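In what follows, a single structure is set out as structure tokens and then discussed.
The values are calculated or read from the model by the stated rules, or taken from the named source; none is laboratory data. Fair warning: this is a prediction, and the values are worked out from it, not measured in the lab. Quick reminder, even Gly has a Cβ in these numbers, built from the backbone with ideal geometry, and neighbours come from all protein chains shown. Heads up: the accessible areas ignore ligands, DNA and RNA and are worked out on the full protein's heavy atoms, side chains in. Shrake-Rupley method; radii C 1.70, N 1.55, O 1.52, S 1.80 Å.
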Amino acid sequence: MSEPTPRPRAPHVAVIGDGDPRGPEAHRILEWAEEVGQLLARGGAVVITGGLGGVMRAASRGAQGAGGATIGILPGADAAEANEFVTIPIASGLGVVRNLVVVTAADSVVAVGGRHGTLSEIGMALRMGRQVVTLSSWRVESDHRIGGPRVHRARDPREAAAMALRLATAGADPPD
């Protein structure tokens, strides 16, 4: 009897950002997050988020609208807390520590907008060997001389999704 041929796994891309964007840029940030989710799903990626509102909900809505799968890694112990566009809710019970699970479960990460929680996720993603694409998010300089993962800036959702897909399929770098 022959062994079944393993199917290649779809790239997993985390979309991170503010759970409740406010201010004059909030509407644009949510539109961009939805478009990023949609483009990632069309590119064959599974979209991972923190499963709640704001950027997480918008990215999940875009991905689900394009027929893609969405995973929500929730901070609480109740899967029912997930937004309505999460296909697979995972109740972690870890609070903000679940941010480490979100970025580690992904092959690459897209940050759309965001505040300090997003900045911490960017740092964790880099530490865990994940490439990060930012779109209207934190300006983080990464030292190209040391090698390893870095922060890539995108100008629009199309560029962000294309970069994230390319980086996801290239594979993650091991954590240092």
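Quick notes on this structure:
- I88 open to solvent by less than 40 Å² (accessible area, probe 1.4 Å) and among the β-branched types (V, I, T): no
- Some residue of the stretch 72-83 being assigned to a strand (DSSP E or B) and either surrounded by fewer than 24 Cβ atoms within 10 Å (Cβ to Cβ) or within 13 Å of the chain's Cα centre (by Cα) (or both): yes
- Of everything listed in (1) open to solvent by less than 50 Å² (accessible area, probe 1.4 Å); (2) under 17 Å from L135 (Cα atoms); (3) part of a helix (DSSP H, G or I), the single unmet condition for V13 is (3).
- Yes/no for L39 being part of a helix (DSSP H, G or I), in contact with a helix residue (DSSP H, G or I) (Cβ under 9 Å, 6 or more places away or on another chain) and touching a residue at least 60 places away in the same chain (Cβ under 8 Å): yes
- Selection of the stretch 18-55 for residues being among the basic types (K, R) and either open to solvent by less than 20 Å² (accessible area, probe 1.4 Å) or under 14 Å from G113 (Cβ atoms) (or both) yields R22, R28.
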